């Protein structure tokens, strides 16, 4: 499709993509403090020097210098072009890629929505501590057996009685009110009246894989209906793709052995409190294939745990149907149907962690539950019943990926039905990948002989950067990157570079600062880059580090920008506020001193200006 991809769409894709999840699907990452690390996929090494920051959505190798955001990783690792990388990320998010000619309206910046949702979470948390409002919700949570530590871990809160508590707390302007409406926190009726959606409910924040609050579930403490009220679909919340508790599970353990899919928020929270932190729940929808693939990116075992009533059995079978296409060899899918009237919350409280995990260890495998469920619908003692079983089972077995599991289940079907040779329909031919251009990589012998499981060599790209990147894959240009000499003394970072580094890693700190106009004439290396970066952040105050780096993708000075961003890997966000202001003051001092040197060199012809600069130098030096 012709036309450029709008830059706002690229920013949106980067904001929604979890870089840790993306890279971990190619290279196994290990948590090291607040970051993740691995042996670099772009050069051979024995000690991990490849670091990924989940806060800044940025990776950097301290060995070879490979660096970038989600787009950069796909370009470097898979050799996709800029456009193809964006299309891949968008496809993973279920988004269609717009082009300029079919994109008449600019894509909305979602950062203000995340900010208002975070503010609402803090408000609800505060209400759970407020002596005037806390008694009923705290008593309810205690009755449900929740500890204060667990409530804090899951950021539980309380929406007090009344129609306008959130409006009064957060609706300070028309813009804030519109954001509250867009996030589903306020309702606006046909008469234009606005009121809080959640009232007198215990609040469960729903977080995405990056820990950002994207929606809420609210539960009544009595018998009112509905018992649970969830946020509606919004620009940042799509319930068919999210899982409650996934973020908390990943925070609790770097390596998750298995996931348990349960039915409710309280099941997730109760299991976590009893030492089973790997439970997740869908958000009022059936478990979809997207949910299952998301979980399998973090673990190789998945257990569906549902109530044993009719609704639970239907949910389990629906989950099995959606799981069949994902059941590749090596993955384990199991099913646990609890006694009717029981749920994970009550069982783990009554019997403890060991008992519940024992149930998980002994539950039915996918194949066992599959044949148990179908056999309950037919009489396998009769010829007609066995024929019926074969006709019911075959379409499902055809959904399995070709492999050992499919062959074994087909063999088991033959044993039950007493049929020796059951034939499955031939799978649909896989869609052929588009052929590469004839000359692509033709002259690059360095790529020959690579095994399929090895990463490609690190490479740079030709071409000028545009808002949407090149229209086709840039021709890779293999280069050799030598590891840094550990014995070589590093050059001291300049003040300009230090300021760029701080702007990259705490961009929001820059929104409250103003650069003196005189810095436009300050003659120092990379000063133009600093000024451009500062202006970019002023125009896009909600831009993340990943979005800023995306703006510099493929530019001549991108290597410098990425390396400077990586120098702050060990510092948490927003720690550089005073230091950033001090750096700007010191830059201004350098400009004043440059002007003084010039006046002195010219013989101090303007004594008034000379005195002004001396006074300014003294003030800035304090």
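Laboratory data are not the source of any read-out in this text; all were calculated from the coordinates shown. The shown structure was predicted, so the numbers you read here are calculated from the model rather than taken from an experiment. Ideal geometry is used to build each Cβ from the backbone, glycine not excepted, and the neighbour counts take in all protein chains shown.
Overview of results
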{"read-out": "Directionally averaged projected area (convex hull, Cα atoms, the stretch 1-156), nm²", "value": "13.2 nm²"}
{"read-out": "Solution diffusion estimate, µm²/s, Stokes-Einstein, the stretch 174-240, Kirkwood Rh from C-alpha pairs, 10 °C, viscosity 1.306 mPa s", "value": "123 µm²/s"}
{"read-out": "Pair-distance profile P(r), taking every C-alpha pair of the stretch 111-230, with 10 angstrom steps and integer %", "value": "13, 47, 33, 7, 0"}
{"read-out": "Convex hull of the stretch 278-351 built on C-alpha atoms - directionally averaged projected area, nm²", "value": "5.2 nm²"}
{"read-out": "Spin-label proximity, residue 362 to the stretch 313-356 - amide N less than 20 Å from point 7 Å beyond Cα toward beta carbon", "value": "333-356"}
{"read-out": "Length released on extending from residue 132 to residue 328, taking residue separation times 0.36 nm less the Cα-Cα span", "value": "65.1 nm"}
{"read-out": "Normalised per residue, the volume of the convex hull around the Cα set of the stretch 26-102 (Å³)", "value": "109 Å³"}
{"read-out": "Tail beyond 22 Å, pair distance distribution of the stretch 217-332 (Cα, percent)", "value": "35 percent"}
{"read-out": "Alpha-carbon Debye profile of the stretch 495-621, log10 I(q)/I(0) at 0.10, 0.16, 0.18, 0.23 Å⁻¹", "value": "-0.36, -0.79, -0.94, -1.36"}
{"read-out": "Point-to-point label distance, residue 594-residue 285, nm (Cα→Cβ direction, 7 Å offset)", "value": "5.4 nm"}
{"read-out": "Cα shape, the stretch 159-288, gyration tensor, a/c 1.5 rule", "value": "prolate"}
{"read-out": "Three-way shape call for the stretch 257-405 based on the alpha-carbon gyration tensor, with the a/c threshold at 1.5", "value": "prolate"}
